[in-house]
Structure formats: structure tokens, C-alpha cells
Amino acid sequence: MRPFAYDRAETTALAARHPTAQGQTDAKVQFLAGGTTLLDLMKLDVLRPERVVDITPLKARHSGIEVGPDGLRLGGLAAMAAVADHPAVKRDYPAIAEALQLAASPQLRNMATLGGNVLQRTRCPYYRDPSWAACNKRTPGSGCAAIGGFNRQHAVLGVSERCIAQYPGDFAVALAALDAEVELVGPGGARRISILDLHTGSDRPHIEHSLRPGEVIVGFRVPAAPWARRSTYLKIRDRQSYEFAIASAAVALDLDGGVVRHARIGLGGMAYKPWRAKAAEAALVGKPLTEDTATAAARLALEGAVGHGHNDYKVELGRRTVVRALLAASATEV
Amino acid sequence: MAYDASDDPRQLFGRPTPRIDGVAKVTGAARYASDEPVANPAYAYLVTSAVARGRVAGFDLDQARAAPGFIDVLTHENVGGQVKTNPDPAGKPDNTTTLESDKIWHDGQIIAVVLAESFEAARDAAHRVGVRYAAEAPSASFDSPGVQVEAHKPQTPDAKKGDAAGAFEGAPVKVEARYSTPTQHHNPIELFTTTCVWDGPKLTIYEPTQSMWGLKGGLAKQLSLDPKDVRTVSRFVGGAFGSKGSPTGRTAWIALAAKRLNRPVKLIASRDQGFTIATYRAETRQQVKLGATRDGKLVSFFHEGWEVTSRPSGYNVAGVETTARMYACPNIATAVNVVHADRNTPGFMRAPPETPYMFGLESAMDELAYALNMDPVELRRVNDTQTDPVDGRPFSSRSLMPCFDQAAARFGWSRRDPKPGAMRDGDWQVGWGCATACYPSNIGPAAARLSLTPSGKAAIQLAGHEIGTGAYTTVAVTVAHALGLKVEDVTVTMGDSDLPPVPVAGGSNNAASTTNVAYKACQMVRDRVAGAAVKAQDSPFHGADPAALRLQDGLLRGPGNLSEPLDKAVARTGGRLEVYAENIPAGLPPSAAQGLYEGKMVMSRGTGRKDVTAFAFGAHFVEMRVHVRTREARVGRVVSAFAAGTIVNPTTAHSQFMSGAIWGLSAALHEATEIDADAARYVNDNLADYLLPVNADVPPIEIIMVPEKDDRVNPLGVKGIGEIGITGMNAAVANAVFHATGKRIRDLPIRVEHLL
């Protein structure tokens, strides 16, 4: 870990005084909240900020959990554990609560904030160890050691020849399925963007997200919707707990009898960024939710998936995960 | 209690006893090597190679030197010739080097040591070291271009009997299959640390080790010191599993650094460095051919292994020595090949030979059971034997089938529908599998110093190793019961090479070696007390036969319910009652004692004895559950039974058996070190990506200790139990997965993609 200057920002306005190209891996200023990604990467010498701005004082104003008629509002600095354990979130937005509950460990869920969690960096081992020279995410233009390397955990959706890193999180996948928006405050004022526009693509892997310099995630809005209660997050992993997904699906269904009125499908554990499978959703509308329709939708959800050897299995596993999640959601009592 | 005239020491054991060091451990009072306070230490951080083969062309050190707190840096350029190369785990000089020269043998090789005023400063400076490599294309593993395959030349000939090839040809029922096991790393929670302190010519090394005297002797050689000037201290070890069994290359450089700086130096290597600066379990490939009669009797056994090692070292584990002895068979052939790649040298890891090789054998036995349409337990019964099939010697004791029968009964095996895929629980396919567990019973020479005070307090000192097994407690139990004291009246001091030597805590010899020498010391104490009593006019035992006297219930006791309090009986021996005991196990030459004091690995091995073949045996039964859609394989429940002679302390024995079983599950389902095929570098070298089971992965595990009395293995009848638990479990899991799904997984670990 390189020596760095430490600041505390008591307000978003103070945080905004630290405008930096935050989305870039090599940003010289980094915001610190729970620290569960940032500090690791600093110790590993992957991130070398010259200044760390601690935004935990913002918790006082931005860690609320509100469930209202228009939807759910979550403070950007709320602890993952607080949201996972919230009775109304569990009841009305089960996919959100489950995604958080299945993430990490109790210790990490207590420390980590929602805003930091959605921006969690990839677990690509070639990214996380600077002794590997080739990593376009760390060093633009240096290549990708994972392509042709050991890539069992890597993404099959949204990848490019520049980067096949997998987005590791769970919560953002549930947000993607449920049409969530991200609330931002920065030097230019407040704005909202779709969760699907927060993370940027694999064509420029050294850019992580679309936040403007000095912007802080202060909250998330999940609209109320008839499918939110019949939602679930299914996480497939190599061990039962404390492990990243090798495939996951956040699904939500609005059913009329057995027939699908609306469907929402988010995919994790297999994509470069939180993924939304809109073609699969559309294919389900107006049809009964059966093994066959779920299978057809799953095929669409994984269309365009590209394996790189060790991770080829994720295409089939991803389909099966979607089918299992859809059938589970349709069988849920609401 | 009545006087007990029994001469059978085994009756002293078997009472469940909590760890005497348990409170110290859970309160943080237990002092691990890097906890030892030293004055004004400098901190070391290792720089390790980012390429697997080639040379260091040069260093760019300006940035590191400019880092705050920087003190010094060692590289081959300034200290290259100053220490001798650490031998490989087998004791052979052919090992990879560290910073002796510019040569790079493997990924993560130590190429520089940065010294600074704090750990953080040393790490920062180390990150600023620039290295220029002259890299060459490395060979990663079996299928890589450039590996060299060499037939293993064993010290004793490969197990061979009859005509295995001919018998296989003619066998009515055959199984022929290839299996593989992955690279695995120990990952003890306590990292690889070293603290070196010089006092004039004397060097003290605080380092977690399984071999106090081995580390002492090894470092004396590397540093050209008189062994009496080297002291090693390691009072508690936070997990070792073989990784701390033999000296590693790091230690000599830290000693040298401390010498250069004239100041203590402390190293705490990082987790990822632990993957490459110490040893590991190398990947294996195996071919097994079993031929049997239609009623299941083996007529031909063939087992061949391939194991990866480093370029210079021939280290291998050759588990066929064990597998060839499992079942009666008239025709046996085995072979082992070592495959040299650009890798660090592998080494001991819990049941080094048996964990990989029993996977091959016990999977093949399950396949044979299906080929025969026979229950897998019955197949073991048909081929059970009390005679070593290779050497014709009797087993000292062998309770394999009682283990199978008791565990099967608890498990409910009789309710098993043998048809694969026949059992189901909702969306989960359910399968039941079993396998044999085994480990040779080894014992080494050992020494101990024991004293007894008139107030009934005993103190025993030996350079033993508490690596988590409960070693302090087993020694305390032995002394307490042999001297008729309470466990809390016994003080055990271990973990310091200034104390009498015991063997490496490896090969599951620790309990047998230390309890037998402790018991011998107790006998010497008893002899002194009894001898004095029978000569004393004021003793009730005046003129009695000293051999009939016993130390029991805090008294000196004899026939006719006569007794004398210890204060009188002990005081009478005159001065301090202290003995120094050495135990050289039967069958070893008297020169074995010399090896003990030189820190050499001298052992009476269960497979190398002239009188008997000595093994502990066991049986695992596992329920596996596989999701019908997404194919995760999860463990439902486990019942394992073991017969391992005298159980010294059932409390810690239970933990040993159970932890071994859990590691077996992990070896089957989770653990694998992934290697980048082009770069020959470990990829998942951290505890997030190197998967270990979490609590949720470990179901209820029932351990049965099958009583077994062994008169021949050693005087106390103690067989080691530290390693047997892991053996065979990987096969039991794969066999259960086959039963659940109909899919035979021959390559570990078992993952979702194998079952899709």
C-alpha cells in the first residue's frame, strides 16, 4: 500500500470538492465507504490513490430505508446487512433482500455500503495481481491475460476482446431486474440514472462506471411494480456461502393465473456488468410459465454468450439458472 | 480406588480430556512464533518472481530505496553466495534455489528481501522494486511442452508380486480407468513467518515449525553454524498440515538479514507468497487396473501414478506403496513417474501419498463393485486380509471390516437402492457412497525430561509440536495417568529446541512417539520411587518387590492395599527427582538416536518393518445431493469409523478424525490450485478464490471410534490419527455422486460443469 493523504467529507458538497476521474482504475482520488473493495486493492498495490476521501460521515443522511407506495428508496450508504434484514424489503422486494443476504459474509455485509457494493471491482485474478503485466483494466492497451488464461469464473455476456472480467456483485443484478435508478449528487447537482447505465462496457475496460467527477451515489430507487413481490434471486456457486456466483438470476413475475403479464430477468455471475435479459422477458409475456416457455426464454437470455474455454459451461449453467429461477418465482406464494 | 496391578499401560488412556491449552488459545494468550516480542525489529517483505523460468537480468531499486523507512535490500547481487541451498523435503540437495543466484526456477520464487522500519514500509518499498527478467517459456504441468518425465526410482522396489498383466488379461471382470487429483495448498491460517535474533554467535529463530530440531539442524547447515548455536522456538503453530514440516528457503535469508543489520528481523510472508515459498500437494494422474473373479476376489492389481515436481527435485509421494497393501491379491504391479516442470518443489500435505492415491484405488473399487453387481461394502469384505498382500507380513492389527460394518449400520446403508439415480429428495438427486480410509502407523525415536516433586507436581519437557492436534494434552494425559496424578498437576513444556528432541510432527507419528517416550520417562520415575521405598525402613513397602509398586491416585501403592503418600515416597529419592528418557522404537538401529539429535527424519514406518505391517484403517460413508437442474453437489451427511489402536484422548482424537473428514470433503469438492498453462503461475493464490468449505458446506459428521487393541504396533498400542481422516473421503464423495447421478467423476475437484 502506497502512502496516501486522507480526508473526510462531512457532506456531499465537500465530497464534490474532490473531482477526479473516479471511474478510472488508476484514479488518483478514491472515495472510501465500507472499504471492503478499496482497501484490499490498495494492499494488493492494484489501486494507488494519492488521496482517499472518507465519505462515511454521509451515512447520517444517506442510509435510510423507505418503503412507500411509489416504491423502495435505499440510502447509498446504508449497510448491506441493514437492507437484507429489513422486514418490508424482504416482504415486498424479496429479490433485493435475497441478493444482499446471499452476498459475502456477515462481517462484510455489516461494513459494506450499497453504493460501494454496486461499484465492487471485478474478482478477475489477473486484474487483482499487478505482477501480471497484461490487463487492459489496470493498464490500458496491455492486453488480457484471462483470455487464454484460467478463466473459469469469467464472464460470457458483454465481453470483448479487451476484457472478459466478470461483474461479481449480486445486489446490482436484482436492481437491474427491478428497473432501479441510481441517485447521484455531485458538483453539477443531483441527477438520476438507470442502474443499467451505471456500469460501462468492456470496450473500454479501464473505465469502471459513468459517474462524473466528484459524484457520490446517495441512493437507489426501485419502483413499485406488480412483479416486485413475486421476485427472487437465485445464486449458483461453488460453495454454499461466502462465495461469488458462477451464475445468478434475479427474476420477477407478474402472473395472471398462470400466464405471464410481465417478466423481469437480471443476470449475474456470467456478465461483464449487471445484465438485463429483455428479449427473454418479452418472449414470456402472454404465455403460461412452464418448463418449455422458461427454457425458451433462458435460451434467449444467453444468446450471444461467448465462452473462453474454462468458462464455456456458464452458457448452459446460465440457461438452467434462469429456468430454475423462473419456475421458483412462479411457484412462490404472494 | 483399589490397587491396580495391571501392567497394560493402554488402560491408562481413553478418558475424554479437554485441551489444557484451550483457554490460552481462545483468549489469545497462546504465543505463536510471530507474537514473540523482540527488541526493535526491522521488517522484511519478500519480492517474488513474476515469471516461472529464466533469469533475473537486473533490478531497479532506486524507487524502493527512496521509499520512507527503507533500510536494505538483499538480492543475489549482494548476498548470493552467502547461504547454502535448502534441501528438498525428502532431504535431497536437489532443490530449487531462492536468491543464491539469478536463476528463476518457478513462479513466486523469492528473488529479493526488502528490509524497512515497519511491515507497511517494507511492503510499500517491495512494491516499488523493479525487476528486469530474461524470461523463458515455462512448462506448467503434465501436458505442457518441455516437461521431463522420469520413472521414479524408489528406495525399496516398487510393490510387485506374481503376474499382474497376465492375470488381468484372464480376469473375468475388469476395471481399467484413469483418475486425476489437483494441485492443492495447505493454507494454514497462520502465515509463514520468521523472526531471527542474533546474540553474538548464537541465532534464535522464531518460526512456526513441525520440526524444531529439523529446522535447527537444517539452518545450521545452510548458515555453516554449529548446531548448538541455533535455537528454534515455536510454542504454538497455527496450522501446518505438512507445510511447516521441512525448512523452506526463506529462513536463512532472514537470519542473514538480521546479521547484516545487527538487529532482529521479522518476516510475515503474504498469503499469496505462501503458495510459492513453501510446499504444496502436487497434481497426480493415475491409472488403475483391477481384475476380479465373478465372486469379487481380486486376481490382479495394477496402479501407476504420475506426479509433478520441480525441475531439480525428484520429490514424490508414491502412494502405490499403500494402495497395493489394501486388499488381498495374488498379482500386484505398481509404478510411479515424476514429471519435472517449472514449479516450486512440492512437499508433505496431510496424508501425502494416501490422499491422492486412495482416490484412484477406492474409485476403482466402486467401479468394480458396479461391474460385479456387488455391494461395495461386500467387495471390501471379500478382499479383506490380515496379511500384507505385498510382503506377506501380518498386519499388526487390522479392523477394516468392523469399521465398515459399524459405520454402515449408523448410516443406514442397508436401505440403499444400488441403482444410480434411484434416490431423490425433491429437486435433489441423492446418492450414497463409501470408501476405505487408511494410514500407516509410524513411530520415531524421541527424548523427554520428566520431573516429579514431593507435592505431586510433574513437569515434562520435550521439543514437541502443538500444530493444533492437542499435543500438549496427549502428553499431559500420558504423564498424569502413568504417575497417578490429575492432568492439571502436569506441566508440559514444548516448542523449543533447547528441550529434548522428538521427531517431526508428521507422518502421524507424534502421538505414538511422544506418548511412548513420556510413558518410558514415567516408568523411570516410578522405578526410582519404588526402588527407594523398598530399601527404606520407614516405608510400608520395605523389602517388597519394587516391580509390584504403582503410582496411583496420588500415592505410591502396592499389593494388600498398602500405600504411601507421594511427599514421603518422592522426597526419599533424594534431591530433585528428574529423569531423561530416550525411546528408540523396536526395529530401529541404535544409531537412530544420533539422527534424532541431528534433526534427521528417522522413523519406523508402518510399511517398512520386518515384523509386521502397521496401518490404521477406517471407512467413510457419505450422502451427496446434486440439484437436478443446476448441478451443485452438496454433502448431505457423513458417518466415518476408524480403528487406530489405543486412543489417548478421545476428545482431541474426535477433532482429528472429523477435521480430516472435512478436509476430505474439501479435497473432493472445493480445493484446487489453478495454474495458468502458459505462464506456469498459480492464479487463485488467495483464500477467496482457493475454495475451502464454509460451515454451510459441512453437514453433521458422525465419528465412530472402533475399539482396537494392538499388541505389536508399539508398547502403548498407539496408531497415529492425524492423517487417516482425510484419506479415501474424496473417493467416497465421488462414489456417492455416481450413485446420485450415474456420472462417474474421475477428475477432482467435482464441479458443476462436470455434472451439467
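If you look at the Cα atoms of the range B:349-432, you get an Rg and a Dmax of 15.5, 51 Å. Relative to the Cα centre, the charge distribution of the protein assembly as shown, modelled as +1 at Lys and Arg Cβ and -1 at Asp and Glu Cβ, gives a dipole magnitude of about 540 debye. Projecting the Cα atoms of B:148, B:592, B:518 onto the charge dipole of chain B, computed from C-beta unit charges around the Cα centre, puts B:518 farthest toward the positive end.
Measuring nothing but protein heavy atoms, the accessible surface of chain B at 1.4 Å probe radius is 52 percent carbon and sulfur.
Phi angles of the range B:80-85 translate, via the Karplus equation with coefficients 6.51, -1.76, 1.60 and θ = phi - 60°, into HN-Hα couplings of x, x, 8, 9, 8, 5 Hz per residue; Gly and Pro are given as x. Counted residue by residue at 0.36 nm each, then reduced by the alpha carbon distance between them, the extension gain from residue B:5 to residue B:199 reaches 64.6 nm.
Residue ranges A:163-174, A:306-317 sort as A:163-174, A:306-317 when ordered by packing (mean number of other C-beta atoms within 10 Å per residue, highest first).
Out of B:293, B:604, B:74, whose Cα points farthest toward the positive end of the dipole of chain B (charges: +1 Lys, Arg; -1 Asp, Glu; placed on Cβ)? Final value for the positive-end residue is B:604. Across chain A, the convex hull enclosing all Cα atoms gives 120 Å³ per residue.
Between B:98, B:534, B:192, the Cα set farthest toward the positive side of the dipole of chain B (charges on each charged residue's Cβ, about the Cα centre) is that of B:534. Here the Debye sum runs over all C-alpha atoms of the protein assembly as shown as equal scatterers in vacuum, and log10 of I(q)/I(0) at q = 0.09 Å⁻¹ comes out as -1.12. Panel note: contact residues of the range B:678-692 (accessible area lowered by at least 30 Å² against the chain on its own; 1.4 Å probe) correspond to B:681, B:683, B:688, B:689, B:691.
A simple spin-label model places the labels of residue B:229 and residue B:634 6.1 nm from each other, with each point 7 Å out along Cα-to-Cβ.
At the listed q of 0.11, 0.12, 0.14, 0.16 Å⁻¹, the Debye profile of the range B:1-148, built from one uniform point per Cα, gives log10 I(q)/I(0) equal to -0.65, -0.71, -0.84, -0.98. Accessible-area rank, largest first, for B:321, B:283: B:321, B:283, with all protein chains present and a 1.4 angstrom probe.
Put the Cα centre of the range A:173-198 next to the Cα centre of the range B:327-390 and the gap is 58 Å.
The alpha carbon centroids of the range A:98-125 and the range B:155-227 are separated by 39 Å. Here the dipole of the range B:1-151 is about 160 debye; that uses its Cα centre as origin and unit charges on the Cβ of Lys and Arg (positive) and Asp and Glu (negative).
Largest first, the three principal axis extents of the alpha carbons in the range A:5-54 are 30, 20, 17 Å in whole numbers. Taking 21 Å as the limit for the C-alpha separation, the pairs B:289/B:719; B:161/B:297; A:287/A:314 exceed it in the case of B:289/B:719; A:287/A:314. Taking trypsin sites (Lys or Arg not before Pro) across the range B:670-745, the ones in a DSSP loop with at most 12 further Cβ atoms lying within 10 angstrom of their Cβ are B:709.
Taking the Kirkwood radius as Rh and the Cα radius of gyration as Rg, the range B:402-539 has a ratio of Rg/Rh equal to 1.26. Close amide H pairs (under 5 Å, H built 1.01 Å from N) link residue A:167 with A:271, A:272, A:273, residues at least 5 positions away or on another chain.
Residue by residue along A:311-318, Cβ atoms of other protein chains within 10 Å of the local Cβ number 3 on average.
Under 11 Å from the 7 Å Cα→Cβ point of residue A:108, by amide nitrogen: which residues of the range A:242-257? Under 11 Å, as judged by backbone N against the label point of residue A:108, lie A:242-245 of the range A:242-257. Candidate membrane-span-like segments in chain B, meaning DSSP H helices with Cα atoms spread over at least 15 Å of their own axis and a Kyte-Doolittle mean of 1.0 or above, are B:471-483, with no membrane implied. Working value for the range B:574-724: equivalent-ellipsoid semi-axes of 39, 23, 16 Å, each the square root of 5 times a Cα gyration tensor eigenvalue, largest first. In this view, the solvent-accessible surface of residue B:139, computed with a 1.4 Å probe and all protein chains in place, comes to about 0 Å². Note that the range B:436-506 shows a convex hull volume over its alpha carbon atoms of 111 Å³ per residue. Taken about its Cα centre, chain A carries a charge dipole of roughly 380 debye when the Cβ of each Lys and Arg holds +1 and the Cβ of each Asp and Glu holds -1.
The label-point distance for residue B:561 and residue B:63, in a model that sets each label 7 Å from Cα toward Cβ, rounds to 8.5 nm. Karplus-derived 3J(HN,Hα) values for the range B:94-101, using 6.51 cos²θ - 1.76 cosθ + 1.60 with θ = phi - 60°, are 7, 10, 5, 9, 10, 9, 5, 8 Hz; glycine and proline are entered as x. Note that chain B shows a convex hull volume over its alpha carbon atoms of 161 Å³ per residue.
As a calculated quantity, the FRET efficiency between residue B:78 and residue A:204 at R0 = 51 Å, using C-beta atoms, amounts to about 0.70.
The relative contact order of the range A:239-334 comes to 28 percent, based on Cα pairs under 8 Å that sit 6 or more residues apart. To the nearest Å, what is the center-to-center distance of the range A:1-70 and the range B:696-745, using C-alpha atoms only? The distance from the Cα centre of the range A:1-70 to that of the range B:696-745 comes to 50 Å. Using a cutoff of 8 angstrom between alpha carbon atoms and counting only pairs six or more residues apart, the relative contact order for chain B works out to 17 percent. Take each peptide in B:227-237, B:633-643, A:4-14, count the other Cβ atoms within 10 Å of every residue, and average; sorted highest first, the result is B:633-643, B:227-237, A:4-14. When a 1.4 Å probe is rolled over the protein heavy atoms, the share of accessible surface on the range A:5-54 that falls to carbon and sulfur comes to 48 percent. The phi-based Karplus calculation (6.51 cos²θ - 1.76 cosθ + 1.60; θ = phi - 60°) puts the 3J(HN,Hα) values of the range B:589-600 at x, x, 5, 4, 4, 4, x, 4, 6, 9, x, 7 Hz, whole numbers, x for Gly and Pro.
The values are calculated or read from the model by the stated rules, or taken from the named source; none is laboratory data. Quantities reported herein were computed from a predicted structural model and do not represent experimental measurements. Heads up, the Cβs are rebuilt from the backbone with ideal geometry, glycines too, and the neighbour counts pull from every protein chain shown. What goes into the accessible areas is simple: the full protein's heavy atoms, side chains included, and nothing from ligands, DNA or RNA. Shrake-Rupley method; radii C 1.70, N 1.55, O 1.52, S 1.80 Å.
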